[in-house]
Amino acid sequence: MASSNEEPTTASSLPADGLALFLKRDCPTCLLIEPLAATIAGTAAPLHVYSQDDPGFPSGMSQVVDDRALAVSFMAQIEIVPTLIRYAGGKEVDRAVGWARDEWRRMTGIPTLGADLPAFQPGCGSKSHEPGVQEHLQARYGSTPLASRKVAFGGYDDDIELCFERGWSDGLPVVPPTDVRVMRMLEGTRRKPDEIVGDIPPNLAPCTVEKVAINAVMAGCKPEYLPVVLAALEAALEPVFTLHGVLATTYFSAPVIIVNGPIARRLGMNCGVNALGQGNRANSTICRALNLIVRNVGGGRPGEVDRSTLGAPSKIGLCFAEDESDPQWQPLSVARGFAPGESTVTLFQGHGPEAFVDQKSRTADELARSFGRSLCNLGHPKLVQSARAVVVLSPEHHAIFKQAGWDRARITEAMMVATMRPGTDLVVGADGIGEGIASNRAHEAIPKFFEGGLELVRAGGPAGLFSAILPGWLAGRNRDELQLVTKPVGD
């Protein structure tokens, strides 16, 4: 993990005995009690004043500690200003938050303090608790929950270039994972940083939630994406997903992530125009984080264990949400056994997309047969029952099926039937082509996919009679050995 280039600042000490007053000029209540500081300093126990935004405030004080770095405010756990604290023997023994006349009189021993002021007035938020500040202070002055090895960069080093040089990148710039960024990412989940999620192939290296957060930072994720990344990683580590095989194959495949449920809407994921393309942060970074975990934790690097002959852009990351806007459509997650309204991720060993164009079919039967023609050609027309596929059904194509009253099951069945081919066309040597099936199956009528090998999702823009096909890994396995995996998204 890369550290920040900034050097830690030594925090000023809190008093062992006496009173400590924390305030800022940009606070009406602090301005209200400003004249009291000199009174307290001249009458009560020793007073130490810490100003968060102006060392000249309060006026008339000869010694005001400049706490614009917020070191002492962080150490004293100041949430509201003004705050008055009494220390004895190096320990806090009393605290008043905001202006509360009776409490301040008791703590200072001045019975007439603030006689001309209202009895109570709430304070303002401490600058140490402004958005984004707390993590910086924790990293600089406190202890962090992070256990990963630190890599220190020099003050003049370029963090992004050093990430390239150290091999932490997938070829695109990554966000340097400073302590502050990682701690902020960890706020996206309730899970403990040291919890082991699983062993990442190929090196079977243990991966903690913290390491997931580090790679999510590098991928450009926001903290609210972290539960989706964690669910995707858990899905990828299921034995039936065969992550090691997906990584090591010479084929094109990589994990493809499909998100269902309310989480997709909360994250603003794209299920519409350009859903499989660029431009949406969640779509672009969630699967990238998963692939960076495989690279940086598991050691799965191209040219080493990753032996893909050509690869595919989807090996950087392909992630999208299903369009669930049509209440009559059964979402993929529900078809796979989850309750309606439950947030899930489904992982598929695939790549793509491959374009499907049919702008002239107007009946469901015609369109299903047309899909079947394209599906037969995946990988090779004579390769059958060796891979799965996911059809991404565009709104205009879906409208043709919907008008005919066809649901997910009916569409899938019709597409499967449309891929049936006579075995005589598929055997080795037929049509002078060496690829194909054994001759003892020549008498069969064989569909392109084994049962359950074709899945549908809805996505895409409202205009254009174009859909997409995501081809699966041609691993030659049966449906029980290589499966899609769906996991719920937790906290």
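A few comments on the model shown:
- By the rule of a C-alpha distance below 15 Å, with chain neighbours fewer than 8 residues away ignored, the aspartates and glutamates paired with Lys382 are Asp425, Asp431, Glu435, Glu444.
- In the context of the full set of protein chains, the range 149-293 has a per residue accessible area of 40 Å² (1.4 Å probe).
- Ranked by the mean number of other Cβ atoms within 10 Å of their residues, highest first, the peptides 63-69, 190-196, 210-216 fall in the order 210-216, 63-69, 190-196.
- Counted over the range 11-141 with a bin width of 5 Å, the fraction of Cα pairs per bin, in whole percents, is 2, 11, 23, 25, 22, 11, 4, 1, 0.
- Accessible surface computed residue by residue for the range 434-491, with neighbouring protein chains in place and a 1.4 Å probe, gives 44 Å² per residue.
- Sorted peptide list for 372-379, 181-188, criterion being average Cβ within 10 angstrom, highest first: 181-188, 372-379
- Whole-Hz ³J(HN,Hα) from phi, Karplus 6.51 cos²θ - 1.76 cosθ + 1.60, for the range 201-207, glycine and proline x: x, x, 7, 6, 7, x, 10
- Above-threshold pairs, the threshold being 32 Å between Cα atoms, out of Lys24/Lys91; Lys127/Lys487; Lys360/Lys487; Lys127/Lys211: Lys127/Lys487; Lys360/Lys487
- A cut-off of 5 Å between modelled amide H atoms, ignoring neighbours fewer than 5 places along the same chain, links Ile446 with Arg421, Gly423.
- Of [x] 80, 58, 47; [y] 105, 49, 33; [z] 74, 53, 43, the label for Cα extents along the principal axes in Å derived from the coordinates: [y]
- Peptides 79-90, 257-268 ranked from most to least packed by the mean count of surrounding Cβ atoms within 10 Å: 257-268, 79-90.
- Under the criterion of Cα pairs below 8 Å and six or more residues apart, the relative contact order for the range 157-211 equals 23 percent.
- Taking every protein chain into account, the accessible area of the range 11-141 amounts to 46 square angstrom per residue (probe 1.4 Å).
- Under 5 Å between amide hydrogens, built in the peptide plane, is the criterion, and for Ile80 it picks out Ser126 among residues at least 5 positions away or on other chains.
- Where no second cysteine Cβ lies under 4.7 Å, the cysteines concerned in the chain: Cys163, Cys207, Cys221, Cys271, Cys376
- Using a probe radius of 1.4 angstrom, the carbon and sulfur fraction of the accessible surface of the chain is 50%.
- Cβ-derived FRET efficiency at R0 60 Å, Glu224 paired with His443, nearest 0.05: 0.60
- Estimated FRET transfer efficiency when R0 is 41 angstrom, pair Ala409-Asp194 (beta carbons, to 0.05): 0.40
- Cut-off under 5 Å, modelled amide H: who pairs with Asp306 long-range: Arg301
- Reachable aspartates and glutamates, given that their alpha-carbon falls under 14 Å from the alpha-carbon of Lys222 and they are not under 8 places away in the same chain: Glu187
The values are calculated or read from the model by the stated rules, or taken from the named source; none is laboratory data. Here the structure is a predicted model, which is why all the values come from computation and not from measurement. For neighbour counting, all protein chains shown are included, and Cβ atoms are generated from backbone atoms with ideal geometry for every residue, glycine included. To get the accessible areas, we keep the full protein, side chains included, count just its heavy atoms, and leave off ligands, DNA and RNA. Shrake-Rupley method; radii C 1.70, N 1.55, O 1.52, S 1.80 Å.
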